[in-house]
1. Tilt of helix 2-21 relative to the longest C-alpha principal axis of the chain, in degrees (0 to 90, nearest 10)?
2. Angle between the Cα long axis of helix 23-37 and the longest principal axis of the chain, 0 to 90 degrees, nearest 10?
3. With viscosity set to 0.890 mPa s at 25 °C, what whole-number translational diffusion coefficient in µm²/s follows for the chain from Stokes-Einstein and a Kirkwood radius over Cα pairs?
4. For the stretch 158-164, take each phi angle, set θ = phi - 60°, evaluate the Karplus expression 6.51 cos²θ - 1.76 cosθ + 1.60, and give the result in whole Hz per residue in order, putting x for glycine and proline.
Amino acid sequence: MLRQTISILLIASVMILFAGCTPKPIEMMDMNTRLIAEVDRSLDDYLEAMGDKALEQLLELDSIHYGAFTEVGAEEMLVQFKVLDVPHAAGLDRTVVLICDAATLEVKHQKTFMADRVTIHLLNGLDERLEVLYIGSVTYQGFTAYGIERFDLTRGGWTNVAVSDVAFGERDAFFFADDVLHVFELTYEDYEPVYSLRATLFWDSTSRVFKSTPN
C-alpha cells in the first residue's frame, strides 16, 4: 500500500512539473508568428516574387538580440530570419534582418543580406548603443569572394559607415570574433584556398572604428 501511495505521488509530481513547462514553447511559437507577420515582403524582391507562398513557408527565425540600435537607451531587438530553399543566384544564406521595438514588436528598419554565407555581428560603443557588422561570402566556380559592411542605425535607416582606416582589397577575406577583425589575403594554389594574414584590427568603442592597435 505504501509503495502504491509513493508511486501515485511521484506520477502526480511529474505531471505537475510537465504542466508547468508547457507555456514556454507555446509562447515561443507565438513570438515567431508575430515577428513573421511584421516582415514587409515588398522590401525583399525574392519574397515578393514568391507571393503564392505564405511568409511562414519562406522564413525561419534564426536569432533575436536585444539592445539599443536606433538611439541610446532604446529597448529594441535585432531579429534574423533565414529565407528557406533559396536558389544560388538569390543568395543561399539569404537573411532578413529586422530592428524592432522590444515591447510592441513594431518594425523600425528592415534589410535583406544576400550571400552564400551571411554573418551578422554587433559592435558596442561606450554609450551601449549597438552597430551592425555584416560579413558575407559568395563562392562561384570554386572561388570565394568576401564582403564587409558596417551600419549605423541612428540616421534614419541602414547607413553604411567606414569599417576601418585600413583599405581593403578585392581578395581580402574577413573573420571576426571578440571585437577583433582578422583580414586575410585569399589566394589559390591548385584551386585550394590559401589564407595569408594581412592585418589584425581591434574595435575601438570610443571612436567606433577598427584600428590596427588595441585601446
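1. On a 0 to 90 degree scale, this one is about 40.
2. 40
3. 122
4. Those phi angles translate into 7, 7, 6, 10, 4, 7, 7 Hz.
Rule-based calculations on the coordinates, nothing more; no lab input. Because the structure is predicted, anything quoted here is derived from the model rather than measured.
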